[in-house]
Amino acid sequence: MTGVTSPSVPARPAAESATRILAIGLDSADRRALMRMVAEGDLPHIASLVERGRHGVVRSPPALGDDATWASFSSGRLPGDHDRYFWRRLVPGRYETTPFGDVGDAMRPFWASLADQGRRVAVLDVPKSSLCDLPGGIQLSDWLVHGRDGATRSSPPELAREVLERFGDDRIDRPGTDDFLCRETALPEELHGEFLERLLQGLEAKRQAAVELLARGGWDLFLVVFKESHCVGHEFWHASGDEVDPVRDVYRRLDAAVGDLLAQVGPDTHVLIFSGLGMDANYTAEHLLEQALLRLEPRLPRWCADRMTRFEAVEARIRRRLTPRSSSAWLRGLRHWYQVEHNELSGAIRLNVRGREPSGRIEPGPEYERWCAFLQAEVARWVDPDTGQPVVESVVRSDEAFRGASRSGLPDLFVVWSRDRPITGLASPAIGVVRAADPAYRSGNHVADGFYVLAGPTVDPTGPGDAVGIIDLGPTIAALLGVELPETAGRAVV
């Protein structure tokens, strides 16, 4: 690739060519599935790292999905500081949401600090992260990632052009085109074969590009993220354990890619394999939350709440035809709380607070506290009307879980759904019984926490290790390189 060998990215002499840290992200690879496959001998290269290193749980931001997790990884800060909780964000002073777009200064990634301190870094496809000028290094963004923020770009700019020319563009995650196959609802069965073919083509392209760039040597940090475990988990989790198991096949191919990268580094290289989240069956009540919240509205009769639910649904469909993704802002202004868009793993609730929302109905302070406590208590009582089993694992308050200057940009409450069994409805004395047609969600979705495997010359092969936070991985990499990241909230764990 001529862009990689250009004068703007000088090669190091052979005596200095060893890569010091190789970090490989397996986006949303489930730790339980992965460790089971390690034990069964399906992932020999990852198993070799487990045997000679330390492994454990990576704690993700509670109640949140991949956007928040990757943003926390790259920035070393929790969502209360960077305010990225989803691929859409709340518009300050309004009731609408908008695509996250520009990540801003709060999202400056830790590898930029490494470059500032003289470390030579290569970063390939870390999702939801800023593109930075890295002296003597390279960064490729939004090439083969799940949920791209924009077009493929790089530093230096010629790298992206040449990667696209040689390996082609992503053919799965391209919102707004016919190639956007990794979607929120389940893929039609007739697209399954095409989806898997494109997914594996992308994996092979990423493997080849990463191997070539890594082989140049001289990197203090070489960091690459593979998205395929994320996409196959969403669409094919229902087939896990079947005779034809796309999830197992993709994990095996990712292990082979790990092996090819390991073959490029020596015994003095530290190796980190990690994911920030897991995956499980996508049991959710996301499609039931809005009607249930309307039934909790003060002084609003149940019959009126149900009519408002139907009216809002019709009104939203009309508005979406005129302006995609628009919301019923004027209706939200009449309410005390409302649902905002979020991943199906947890329902997001925003309170209508005076001084923060344009037509706020709840005073900040004691009244806000009282209504938060009311919602927490009522939501925790919800059960499945057919089984009587609880459907809510926890209710997370943002101002308690995510302190920081940007906390007001987050929903106030997150309702984490139980993932033990399908949810057929919501029921409690306060809301009665709420049912709605399932919108054919994808079969797999995120669950909290990922995994890490860390091996290298200074890592004792102690087997299972302590759990670490996703924000701890950047400081740990920095510590292995002999530098500090004082601007992050995480801590080094080596």
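Checking 427, 436, 478, 401 one by one, the residue that is without any contact (Cβ under 8 Å) to a residue 60 or more places away in the chain and either out of contact with any strand residue (DSSP E or B) (no Cβ under 6 Å at 6 or more places or on another chain) or open to solvent by less than 40 Å² (accessible area, probe 1.4 Å) (or both) is 427 and no other.
In this structure, residue 442 does not qualify as open to solvent by 20 Å² or more (accessible area, probe 1.4 Å) and of a type outside the set (Gly, Ala, Ser).
Scanning region 10-39 for residues that are outside any loop (DSSP other than H, G, I, E, B) and modelled with pLDDT under 95, we see that the one that is surrounded by the fewest Cβ atoms within 10 Å (Cβ to Cβ) is 15. Taking region 40-149 as the region of interest, the strands (runs of 3 or more DSSP E) fully inside it that hold 3 or more residues being within 27 Å of residue 461 (Cβ to Cβ) are 53-59.
Report yes if some residue within region 320-338 is in a strand (DSSP E or B) and either within 21 Å of the chain's Cα centre (by Cα) or closer than 28 Å to residue 184 by Cβ (or both); otherwise report no.
First, pick out the residues of region 320-338 that are in a strand (DSSP E or B): 337-338.
When the remaining residues are screened for being either within 21 Å of the chain's Cα centre (by Cα) or closer than 28 Å to residue 184 by Cβ (or both), the result is 337-338.
Scanning region 320-338 turns up at least one residue that is in a strand (DSSP E or B) and either within 21 Å of the chain's Cα centre (by Cα) or closer than 28 Å to residue 184 by Cβ (or both).
Set side by side, the residues 430, 437, 478 differ, and just one is part of a helix (DSSP H, G or I) and either in contact with a Lys or Arg (Cβ under 9 Å, 6 or more places away or on another chain) or over 22 Å from residue 87 (Cα atoms) (or both), which is 478.
For residue 386, are the conditions met, namely being open to solvent by 40 Å² or more (accessible area, probe 1.4 Å), among the acidic types (Asp, Glu), at pLDDT 95 or above and assigned to a loop (DSSP other than H, G, I, E, B)? Spelling it out, residue 386 is indeed open to solvent by 40 Å² or more (accessible area, probe 1.4 Å), among the acidic types (Asp, Glu), at pLDDT 95 or above and assigned to a loop (DSSP other than H, G, I, E, B). Determine whether residue 201 is at pLDDT 95 or above, out of contact with any helix residue (DSSP H, G or I) (no Cβ under 7 Å at 6 or more places or on another chain), closer than 24 Å to residue 65 by Cβ and of a type outside the set (Phe, Trp, Tyr). The answer is no for residue 201. With respect to residue 369, determine if the residue is within 20 Å of residue 95 (Cα to Cα) and open to solvent by 10 Å² or more (accessible area, probe 1.4 Å). No, not satisfied.
How do the pairs read when you match residues in region 186-205 that are without any contact (Cβ under 8 Å) to a residue 60 or more places away in the chain with residues anywhere that are open to solvent by less than 50 Å² (accessible area, probe 1.4 Å) and assigned to a helix (DSSP H, G or I), using Cβ under 6 Å and keeping only pairs 6 or more apart or on different chains? Filtered contacts from region 186-205: 196/246; 199/228; 199/231; 203/228.
Tell me, please, whether a residue that is on the phi < 0 side of the Ramachandran plot, at pLDDT 95 or above, open to solvent by 30 Å² or more (accessible area, probe 1.4 Å) and of a type in the set (Phe, Trp, Tyr) can be found in region 411-419. No: zero hits. Give the residue that is farthest from the chain's Cα centre (by Cα), with candidates limited to residues of region 109-156 that are acidic (Asp, Glu) and surrounded by fewer than 20 Cβ atoms within 10 Å (Cβ to Cβ). Residue satisfying both the conditions and the ranking: 116.
Kindly indicate whether residue 455 is in contact (Cβ under 8 Å) with a residue 24 or more places away in the chain and open to solvent by 50 Å² or more (accessible area, probe 1.4 Å). Full working, then the answer.
On the way: in contact (Cβ under 8 Å) with a residue 24 or more places away in the chain: yes; open to solvent by 50 Å² or more (accessible area, probe 1.4 Å): no.
When the stated conditions are applied, residue 455 does not pass them.
Selection of first residues in region 148-159 that are within 16 Å of residue 209 (Cβ to Cβ) and of second residues that are crowded, with 18+ Cβ neighbours inside 10 Å and hydroxyl-bearing (Ser, Thr, Tyr), restricted to Cβ pairs under 8 Å at least 6 apart or on distinct chains, gives the following pairs, ordered by first then second residue: 152/141; 153/141; 154/141.
Beta carbons closer than 8 Å, at least 6 apart along the sequence or on distinct chains, pair a first residue in region 63-84 that is on the phi > 0 side of the Ramachandran plot and of a type outside the set (A, V, I, L, M, F, W, C) with a second that is open to solvent by less than 10 Å² (accessible area, probe 1.4 Å) and not in a helix (DSSP H, G or I) for 83/410.
Residue count for region 345-364 satisfying the condition of being closer than 14 Å to residue 333 by Cα, out of contact with any Pro (no Cβ under 7 Å at 6 or more places or on another chain) and touching a residue at least 24 places away in the same chain (Cβ under 8 Å): 7.
For region 166-213, enumerate the residues that are touching a Cys at 6+ places or on another chain (Cβ under 7 Å) and outside any helix (DSSP H, G or I).
Residues of region 166-213 touching a Cys at 6+ places or on another chain (Cβ under 7 Å): 172-173, 182, 199.
The answer is 172, 173, 182.
How many residues does region 450-465 contain that are of a type outside the set (Phe, Trp, Tyr), under 25 Å from the mean Cα position of the chain (by Cα) and modelled with pLDDT of 90 or more? Qualifying residue count, region 450-465: 4.
The values are calculated or read from the model by the stated rules, or taken from the named source; none is laboratory data. This is a predicted model, so every value here is computed, not measured. Counting neighbours? That spans all protein chains shown, and the Cβs are built from the backbone with ideal geometry, glycine included. Remember, those area values only see protein heavy atoms, side chains included, never the ligands or the DNA or RNA. Shrake-Rupley method; radii C 1.70, N 1.55, O 1.52, S 1.80 Å.
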